[in-house]
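The structure appears below as structure tokens.
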Amino acid sequence: MTKKALLVIDVQNGMFQEGNVVYMGDTLLQILKDLLIQARLTNTPIFYVQHNGSVGHPLEYGAMGWNIHSAITPQKEDIIIHKSTPDSFFNTSLDEELKKQGIEHLIITGIQTEACVDTTCRRAFSMGYKVTLVSDTHSTWDSEELTDQQIINHHNGVLRWFADVNPSNDIKFNF
């Protein structure tokens, strides 16, 4: 059995700003809390990826929006990876940290579907990781052309080339 890790991408306060909350934000947080409980009960490693935005960005490094959302606060054994691009591997220690723990299978969740989640899924696949995208635990906002739900549905379809795409109630962690 391959060793799994849960990857939580950019679930930071800046994604939940009043008047501009990520699509289905409360539901996303609740499902993530449930996945985190399951992961912790099975001693599955948890990696939080935290975007370091530039000055004025909703995820500006060190500002209130930069903090990981309090509903899913990391615990001392969790690993936090800082990034500055949509790719959670690019110029970060993520690959090194995963290899240290013998992780071969990433279960990916987070924000933003068409940017950081998509890029990280594709990159993990290209690096040889088995990837599972949790279909109901990533989110985004409307674009000019598509609704948020259409973007999520589209990526759940497209990313099947790179990942198993399963709902949260089908996710099983190692014992």
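The values are calculated or read from the model by the stated rules, or taken from the named source; none is laboratory data. It should be emphasised that the depicted structure is a prediction, and the values quoted were computed from it without experimental measurement. We place every Cβ from the backbone using ideal geometry, glycine too, and count neighbours over all the protein chains shown. We work out accessible area using only protein heavy atoms, side chains counted, and drop any ligands, DNA or RNA first. Shrake-Rupley method; radii C 1.70, N 1.55, O 1.52, S 1.80 Å.
Looking at segment 117-143, which of its residues are assigned to a helix (DSSP H, G or I), of a type in the set (S, T, Y) and without any contact (Cβ under 8 Å) to a residue 60 or more places away in the chain?
Step one: filter segment 117-143 for residues assigned to a helix (DSSP H, G or I), giving 117-126.
Those left that are additionally of a type in the set (S, T, Y): 119-120, 126.
Matches in segment 117-143: T119, S126.
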Checking the structure you have, find out if any residue of segment 144-157 is under 21 Å from L32 (Cα atoms), of a type in the set (A, V, I, L, M, F, W, C) and in a loop (DSSP other than H, G, I, E, B).
no
Here are some conditions: (1) part of a loop (DSSP other than H, G, I, E, B); (2) farther than 29 Å from M1 by Cβ; (3) of a type in the set (D, E, K, R). E114 meets all but one. Which one does it not meet?
(1)
Which residue is surrounded by the most Cβ atoms within 10 Å (Cβ to Cβ), if the candidates are limited to segment 64-91 and must be in a loop (DSSP other than H, G, I, E, B) and in contact (Cβ under 8 Å) with a residue 40 or more places away in the chain?
S88
Write out, first by first residue and then by second, each pair whose Cβ atoms fall under 6 Å of each other, whose residues are 6+ apart or on separate chains, and whose first residue, in segment 14-41, is aromatic (F, W, Y) while the second is part of a strand (DSSP E or B) and at pLDDT 95 or above.
Y23/S139
Checklist (1) open to solvent by 30 Å² or more (accessible area, probe 1.4 Å); (2) polar (S, T, N, Q); (3) under 11 Å from I72 (Cα atoms) applied to Q12, failing item:
(1)
Residues within segment 164-174 that are without any contact (Cβ under 8 Å) to a residue 40 or more places away in the chain and either touching a Ser or Thr at 6+ places or on another chain (Cβ under 8 Å) or closer than 16 Å to I46 by Cα (or both), tallied
5
Selection within segment 25-51 - surrounded by fewer than 16 Cβ atoms within 10 Å (Cβ to Cβ) and part of a loop (DSSP other than H, G, I, E, B):
T42, N43
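Filter segment 99-122 down to residues that are of a type outside the set (G, A, S), under 18 Å from W141 (Cα atoms) and in contact with a strand residue (DSSP E or B) (Cβ under 7 Å, 6 or more places away or on another chain), then give me how many there are.
The qualifying residues number 5.
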Residues of segment 146-175 that turn out to be modelled with pLDDT of 95 or more and surrounded by 13 or more Cβ atoms within 10 Å (Cβ to Cβ), as a count:
20
For E96, all conditions in the list (1) in contact (Cβ under 8 Å) with a residue 12 or more places away in the chain; (2) of a type in the set (D, E); (3) open to solvent by 70 Å² or more (accessible area, probe 1.4 Å); (4) not in a strand (DSSP E or B) hold save one; what is the number of the exception?
(1)
Give all pairs with beta carbons closer than 7 Å in which a residue from segment 150-163 that is touching a residue at least 24 places away in the same chain (Cβ under 8 Å) meets a residue that is assigned to a loop (DSSP other than H, G, I, E, B) and open to solvent by less than 90 Å² (accessible area, probe 1.4 Å); count only pairs at least 6 apart in sequence or on separate chains.
I151/T140; I151/S143; I152/T140
